[in-house]
1. Take the solvent-accessible surface of the protein heavy atoms, probe 1.4 Å, and return the percent of it on region 159-304 that carbon and sulfur atoms account for.
2. Of the cross-linked pairs Lys80/Lys154; Lys134/Lys198; Lys50/Lys216; Lys29/Lys51; Lys154/Lys253; Lys7/Lys134, which ones have a Cα-Cα span greater than 18 Å in the structure shown?
3. Arrange the peptides 14-21, 289-296 so that the one whose residues have, on average, the most other Cβ atoms within 10 Å appears first.
4. Given a 1.4 angstrom probe, what's the average accessible area per residue across the chain, in square angstrom?
5. Once both axes come from the Cα atoms, what is the angle between helix 274-303 and the longest principal axis of the chain, in degrees from 0 to 90, rounded to 10?
6. If the cut-off is a Cα-Cα distance under 19 Å, which aspartates and glutamates reach Lys287, setting aside same-chain residues fewer than 8 apart in sequence?
7. Could you pull out every residue, at least 5 positions away or on a different chain, whose amide H is within less than 5 Å of the one on Thr169? Hs are placed 1.01 Å off N in the peptide plane, and Pro or chain starts have none.
Amino acid sequence: MINPQLKETVLDPACGTGGFLTCTIDHKKQLVQNDQDERDLQTTIRGIEKKPLPHLLCTTNLMLHGFDVPAVRRDNLLSKPYSDWGASDKVDIILTNPPFGGVEEDGTETNFPQKFRTKETADLFLALIIRLLKDGGRCAVVLPDGTLFGEGVKTRIKEELMERCNLHTILRLPNGVFNPYTGIKTNLLFFEKGSPTKNIWYFEHPYPDGVKSYNKGKPIHIKEFDLEKAWWNDRENEAYSQYAWKVSAEEIKNRGYNLDIKNPHQVADELESPEVLLKKYQATEKKISDIQDEIIKVLSEALK
């Protein structure tokens, strides 16, 4: 969906073992026609990885994909002051799945402006991504549900995102996509820097027929995304209405930048009113109490 072109610089600021980078290389190789194109390919892929083992595996991975000079640096981008990132550091495309659920070392947050200060890794990366994109730059990022509905610093980062970027698509993934590593629900956010958000399209990825969750033995498969690919350039088509819906930026602002919006086309569970449920609960509670009293009576008789 991002469709990196040959001369566009692509960065993964938390690249792990290099999955996004190698997919980008494979995608760009289809555009290589001569030696200059090959040089452009080699100089436009960048990765940063903090941990030594994933960094080593990523470097090996890129070498196996034909990279003579490893394009991955071992570093933590969050440790550099936010204000030090200049025009020469900016890139055309960022593709990343930053760590989430973790916290950074004490003091890391002080590299960021006061309004963005938090120890949560995913939040800091999102703030940095916005900074590192060129105007017109594109991003696709994997983020947890907590980012969508979180408040405080998360709200201020989402406001920054929507003011400075066109957050045009949020793909909501179902449970179990990252099993067995985490059960946290995740989302794919697609945005382009340079103009504020006017509307956000949501798409809820459905399970295939007969699947209730993903696991290590039955993971999500790329073929399942054919549905999103067909919808991507045909968003108003009624054929996809059960999965897709559009929300205005104004509505998001009125919700306090809460992006956690459920699919309005889903059939809601038909629950009874609280009054009816309370009466049923009280009746059940009395029935249990009566049975307990009967048991105590029988035991007392037996002891006599």
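1. Numbers: 5330 of 9900 Å².
C and S atoms contribute 54 percent here.
2. Details: Lys80/Lys154 20 Å; Lys134/Lys198 20 Å; Lys50/Lys216 26 Å; Lys29/Lys51 28 Å; Lys154/Lys253 13 Å; Lys7/Lys134 14 Å.
The answer is Lys80/Lys154; Lys134/Lys198; Lys50/Lys216; Lys29/Lys51.
3. On the way: 14-21: 22.8, 289-296: 10.0.
Ranked by mean Cβ neighbours within 10 Å, highest first: 14-21, 289-296.
4. Details: 17170 Å² over 304 residues.
With the other protein chains kept in place, the chain gives 56 Å² per residue.
5. Approximately 50 degrees, to the nearest ten.
6. Glu275
7. Phe190, Trp201
The values are calculated or read from the model by the stated rules, or taken from the named source; none is laboratory data. Nothing here was measured: the structure is a model prediction, and the numbers come from that model. Using ideal geometry, Cβ is built from the backbone for each residue, glycine included, and neighbour counts are taken over all protein chains shown. In case anyone asks, the SASA skips ligands and DNA or RNA and just uses the protein heavy atoms, side chains included. Shrake-Rupley method; radii C 1.70, N 1.55, O 1.52, S 1.80 Å.
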